Amino acid sequence: MSNGWKNSMSKNKHPYVFIAPAVIILTVFSIVPIIVAFLISFTDLDLKGLADWSNVSFIGMDNYSALLSDELFHKSIFNTLFYVVIGVPLVIVFSLGIALLLNYGTSKLFTVFRGVYYMPSITNIIAVAVIWGFLYNTEYGLFNYLLSLLDVEKIPWLGEPTIAKLSLIVLAVWKGIGINMIIFLAALQGIPKSYYEAAEMDGANRWQVLRNVTIPLLRYATFFVTVTTLIGWLQFFEEPFVMTNGGPLDGTISMALFIYQRGFQFSEFGYAAAGSFILFVIIIIITLVQFKLRKSDTEY
């Protein structure tokens, strides 16, 4: 009996061998840093503390109290929500729309367009910043030049806080469409043709097929895209970092950029860790709410 038990245990080890690399990577690069950041958030760790740990002091909830009264942190939260509320729906709608158009196309030209729309998502952010920096330039930019042909005054694309936020959203939407488009395309091509044939036999037009067949069958892909896109936009960092560095007047600073500046520019690692943990909690709460809503919708 003992030999049989050993053989059973030996066979049951194989699944763990396969998942071990992923679990190790997740633990080392995700779980451990989260725990370390949480512990650091209760200290006054800075450059002196990194050089000599005896200079690090436990300060309890002081970092969190300071964040609650930090107007710049409040502004970063508002800006992040501004990005999320406008940017996430735009990315989902444009990604789905382009995926539907490309899926209906049958010529080789549509295959080329798949690459064209996907390319921005894999383009280096520095190259993107150079190109869009020229487009947004107030004096010599292409956008203002085109507006001048229509006798429209120059727009300070990156010089006024609200316009700058909208400009960064346009850039981020353009860059973020590609990956989600591929996900929607894969989901569209996985829909059995029998559903469309049945709808056609019932006399449904294209709009009715889209509304009653295609969109409902894309619910899992839409949910996945919504969750991942929302998480990505809550961590909005690259665009304000390379385009405006949080300006003008901190008008484009996001929570992720605020954390970066506090940690790596001002060396306030404990303060930055507290901010990062608050961002982490916000992401977890919003993600759990989405899963809860999704579960309720499924049950309904």
Next item on the list: With the checklist (1) under 30 Å from LEU158 (Cβ atoms); (2) out of contact with any helix residue (DSSP H, G or I) (no Cβ under 7 Å at 6 or more places or on another chain); (3) open to solvent by less than 50 Å² (accessible area, probe 1.4 Å) in hand, flag the one item ILE253 doesn't pass.
Entry: (2)
Notebook entry, point to check: Within the stretch 107-115, can one find any residue that is touching a Phe, Trp or Tyr at 6+ places or on another chain (Cβ under 8 Å) and of a type in the set (Phe, Trp, Tyr)?
Noted result: no
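Here is a yes/no grid of residues against (1) closer than 20 Å to GLY115 by Cα; (2) assigned to a helix (DSSP H, G or I); (3) among the polar types (S, T, N, Q); (4) open to solvent by 70 Å² or more (accessible area, probe 1.4 Å):
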position: LYS154; (1), (2), (3), (4): no, no, no, yes
position: LEU158; (1), (2), (3), (4): no, no, no, no
position: ALA164; (1), (2), (3), (4): no, yes, no, no
position: SER167; (1), (2), (3), (4): no, yes, yes, no
position: TRP174; (1), (2), (3), (4): yes, yes, no, yes
position: GLY178; (1), (2), (3), (4): yes, yes, no, no
position: ILE182; (1), (2), (3), (4): yes, yes, no, yes
position: GLY203; (1), (2), (3), (4): no, no, no, no
position: ARG211; (1), (2), (3), (4): no, yes, no, yes
Item checked: Conditions (1) in a helix (DSSP H, G or I); (2) loosely packed, with under 15 Cβ neighbours inside 10 Å; (3) among the aromatic types (Phe, Trp, Tyr): number failed by PHE143 -> (2)
Next item on the list: Go through (1) in contact with an Asp or Glu (Cβ under 6 Å, 6 or more places away or on another chain); (2) touching a residue at least 40 places away in the same chain (Cβ under 8 Å) and name the single condition ARG262 misses.
Entry: (2)
Checklist line | Subset of the stretch 42-76 (residues that are exposed (fewer than 15 other Cβ atoms within 10 Å of the Cβ) and either within 24 Å of LYS165 (Cα to Cα) or among the polar types (S, T, N, Q) (or both)) | finding: SER54, ASN55, SER57, SER65, LEU68, SER69, GLU71, LEU72, HIS74
Item checked: Given (1) in contact with a helix residue (DSSP H, G or I) (Cβ under 8 Å, 6 or more places away or on another chain); (2) open to solvent by 70 Å² or more (accessible area, probe 1.4 Å), number of the condition SER121 does not satisfy -> (2)
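The values are calculated or read from the model by the stated rules, or taken from the named source; none is laboratory data. What you see is a predicted model; the values in this text were computed from it and never measured. Reconstructed Cβ throughout: ideal geometry from the backbone, glycine too, with neighbour counts over all protein chains shown. Just the protein is used for accessible areas: all its heavy atoms, side chains included, with ligands, DNA and RNA removed. Shrake-Rupley method; radii C 1.70, N 1.55, O 1.52, S 1.80 Å.
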